[in-house]
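Down below is the structure, laid out as structure tokens.
Just so it is clear, none of the values below were taken in a lab; they were calculated from the coordinates. The shown structure was predicted, so the numbers you read here are calculated from the model rather than taken from an experiment. When we count neighbours, we look across all protein chains shown, and the Cβ atoms used for this are built from the backbone with ideal geometry, even at glycine.
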């Protein structure tokens, strides 16, 4: 599951994605490249995209994330459950 998908889920439940500081965990850059259906990594390597995370710009892990999702190793339903659970705990959605 990508962070884009997680943010869409949050919007469906009425929670702004900015409301929770999240840090996705992706096991390797190669995995992120495999998920890249839009070819953004290829464009970044070709110099068509400047300041692209993982290519020309380092990934900066948030210092104190409120939620860490293992998007590279956990099942989709587990990630969704984790995000929705956090929103329920915060009272941004009802159970």
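What nm value, rounded to one decimal, do you get for the distance between residue 92 and residue 56 when each label is placed 7 Å out toward the C-beta?
Reported label-point gap for residue 92 and residue 56 is 3.2 nm.
For the pair residue 48 and residue 77, what calculated FRET efficiency results from E = 1/(1 + (r/R0)^6), where r is the Cβ-Cβ distance and R0 = 35 Å, to the nearest 0.05?
Computed FRET efficiency for residue 77 and residue 48 comes out at 0.45.
Distance in nm between label sites at residue 38 and residue 8, each 7 Å beyond Cα in the beta-carbon direction?
Modelled inter-label distance: 1.2 nm.
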